[in-house]
Amino acid sequence: MSEILPRQDLSLEALSALWEQRWPAPPGDLQMRYAYPDRWVRFHSLPESKRYPDSDAEYAVMLDRHHTLLDELGPNEAELYVVTREWNGDAEPTVRMPQLRQVDPDARHWGSHVHDDDFPDDILYQHEYISLHPRSRHALDPLLRLVADDVIAGVTLAPLDLRWLYHPYDGGGDVFAPSTSVRDALKAAHPDWLSTHPTGM
């Protein structure tokens, strides 16, 4: 039985307005890092920056790191927003990939826009979906495992007030903290999870 909570009264218009107020920047990961460099930090999900888990023990480490960061970001609410994205050549959303339908069955289409128009005959569109998930391992781990295995990408987790954003990716997670001080506290708490690259990547 799915633990994901359908929420028919979720106001997409109000959520869009709040998102624009909190994060007035394009939603792409790269653009966000440029827009909020003082609030961004990347954590790697496995020791020695290993990219992909290949054992149960490594999956456990990866999931523990994601949940530790989410817990430390707070607040201790019962739910989180989950934003998922898909890309294709259709201006209107089509049937979602089966893996996403399985782990996020109650997601609602939030919006679509051009993602890449460098080639006018082959325009790429980004379709965004949003849902509310319980803030529990049972609800979030299947999604996080798909991200870790590079089956899906473009996932964002956020609290109900959108004070921070968390982008898991195949190899770690990008935090956009509510303030520089929170970002710095996370970095100080988990120095072994940080990249040794000068750019923090």
Please specify each residue of segment 145-184 satisfying the condition of being among the small types (G, A, S) and in contact (Cβ under 8 Å) with a residue 24 or more places away in the chain.
-> A148, A153, G154, A158, G171, G172, G173, A177, S179
So which of W23, W19, W87 ends up being of a type in the set (A, V, I, L, M, F, W, C) and open to solvent by 60 Å² or more (accessible area, probe 1.4 Å)?
-> W87
Select from segment 131-145 the residues that are closer than 16 Å to E77 by Cβ and crowded, with 19+ Cβ neighbours inside 10 Å and list them in ascending order.
-> S131, L132, H133, A139, L140
Selection within segment 26-64 - open to solvent by 30 Å² or more (accessible area, probe 1.4 Å), under 19 Å from A153 (Cβ atoms), touching a strand residue (DSSP E or B) at 6+ places or on another chain (Cβ under 7 Å) and at pLDDT 95 or above = W40
Could you look through segment 146-201, keep only residues that are acidic (D, E) and more than 12 Å from the chain's Cα centre (by Cα), and pick out the one that is surrounded by the fewest Cβ atoms within 10 Å (Cβ to Cβ)?
-> D192
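The values are calculated or read from the model by the stated rules, or taken from the named source; none is laboratory data. Remember, predicted model here, so these are calculated numbers, not experimental data. Because the Cβ atoms are built from the backbone with ideal geometry, glycine has one as well, and the counts that use them run over all protein chains shown. Each accessible area value is taken on the protein alone, full model and side chains, heavy atoms only, with ligands, DNA and RNA left out. Shrake-Rupley method; radii C 1.70, N 1.55, O 1.52, S 1.80 Å.
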